[in-house]
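Student: Below is a structure I'd like to ask you about.
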Amino acid sequence: MAFGFNYRGTGAVFTIDRPEKRNAVNGEVMDGLSAAVEEAAGNNSLRYFAVTGAGGAAFCSGGDLSEFHRLKTAEEAAPMLEKMADILLRMSRLPVPVIALINGHAVGGGCEIATACDYRLVHETARCGYIQGTLAITTGWGGASHLLAKAGSEAIALRMLTESRVHPAGELIKSGWATEGFADEPDVALDRFVAPLERIHPSVIRAYKAAALRKREAAGLEEMIRAEVAECARLWEAEAHHEAVGLFLNKKK
Ligand SMILES: CC[C@H](C(=O)O)C(=O)SCCNC(=O)CCNC(=O)[C@H](O)C(C)(C)COP(=O)(O)OP(=O)(O)OC[C@H]1O[C@@H](n2cnc3c(N)ncnc32)[C@H](O)[C@@H]1OP(=O)(O)O
């Protein structure tokens with residue numbers, strides 16, 4: 001299986017399990033996350049939903065370039081982009097804290113998955129970045145929209161998006177993109193983070209999550225995501241994007 005989904009204490013953890021591909025997201029991972037989010041949405045006793053990656057090298061390296069490279073035109077790319085953008089929007093709307101347990105590199109769409117979460121815990125070795133610009137596209141799973149709808153500083157958000165580079169954990173913590181860093185095992189860090197939440201009645205936690213969702217919806221998040229997906233699809237079909245992906249896929253041959 002390309003993913004795992006397990007209940008853990010009062011929460012649930014979705015794990016992308018393709019370490020040989022640095023946990024790149026393919027269709028199977030998308031369907032697994034979609035089903036996990038749907039199940040979590042109906043679980044009234046759940047207190048948190050976490051996403052992480054298998055192995056120690058990566059949280060998620062974004063879309064599986066070997067799979068999605070076959071998509072050439074905007075019409076071909078749009079359904080894939082829309083599908084994952086919808087899954088991440090539904091995940092972000094879960095009525096409980098959604099936590100990105102960033103155990104390693106989170107780049108491209110992997111950084112977008114983390115951005116759709118409420119909290120980002122980053123391992124000290126993790127490097128994260130919206131590197132889509134190096135492939136001549138923008139984010140396409142809603143990452144820019146989630147970032148801009150939440151960001152304290154638009155300038156910091158825009159700079160992260162437009163520089164399209166990876167950032168070490170220290171920078172991510174200093175900028176406020178990361179909620180906090182950790183150096184020990186991801187499970188230990190997760191338990192440490194959720195412990196204070198578990199001392200508060202779940203109805204209070206859910207009420208504050210609903211307040212955060214109202215703020216994001218007031219910013220027009222869903223409309224922003226639709227426009228972002230359309231823009232990414234438009235850029236997707238340009239030769240510059242296909243050349244950049246080809247270079248990556250050929251670099252190991
Ligand atoms: C809207 C989302 C958007 C989209 O879907 O197009 C994106 O996500 S665009 C961004 C796509 N992601 C990338 O461009 C990242 C590519 N990967 C890397 O930069 C590196 O692999 C990194 C930094 C994540 C890890 O580097 P490291 O040196 O630790 O590993 P390798 O590069 O040697 O990779 C090991 C192995 O994994 C394969 N791999 C890694 N990332 C992907 C990927 N995104 N898709 C497919 N395969 C990936 C890589 O080819 C190697 O495979 P091997 O068979 O061993 O050659």
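Student: Could you give me the residue pairs with C-beta distances under 8 Å whose first residue belongs to segment 206-233 and is more than 12 Å from residue 138 (Cα to Cα), whose second residue is part of a helix (DSSP H, G or I) and charged (D, E, K, R) wherever it lies, and which are 6+ apart or on separate chains?
Tutor: As it stands, the answer is 216/150, since those pairs meet every condition given.
Student: Tell me the residue from 12, 74, 78, 85 that is farther than 21 Å from residue 125 by Cα, more than 8 Å from the ligand (Cβ to nearest atom) and without any contact (Cβ under 8 Å) to a residue 60 or more places away in the chain, please.
Tutor: 12
Student: Failed condition for residue 63, given (1) over 17 Å from the mean Cα position of the chain (by Cα); (2) crowded, with 21+ Cβ neighbours inside 10 Å; (3) of a type in the set (Gly, Ala, Ser); (4) farther than 22 Å from residue 223 by Cβ, with all others met?
Tutor: The single condition residue 63 does not satisfy is (1).
Student: How many residues are buried (at least 16 other Cβ atoms within 10 Å of the Cβ) and more than 28 Å from residue 130 (Cβ to Cβ) if we restrict to segment 175-196?
Tutor: Result for segment 175-196: 0.
Student: Would segment 92-109 turn up any residue that is over 10 Å from the mean Cα position of the chain (by Cα), assigned to a strand (DSSP E or B) and within 11 Å of the ligand (Cβ to nearest atom)?
Tutor: Looking through segment 92-109, at least one residue is over 10 Å from the mean Cα position of the chain (by Cα), assigned to a strand (DSSP E or B) and within 11 Å of the ligand (Cβ to nearest atom).
Student: Taking the residues in segment 129-172 that are basic (Lys, Arg) and within 24 Å of residue 234 (Cβ to Cβ) as candidates, determine which candidate is nearest to the ligand (Cβ to nearest atom).
Tutor: Top of the filtered list is 165.
Any read-out appearing in this document is the output of simple, stated calculations on the displayed coordinates, not a laboratory observation. All values derive from a computational prediction rather than experimental measurement. With ideal geometry, Cβ positions are generated from the backbone for all residues, glycine too; neighbour counts draw on all protein chains shown.
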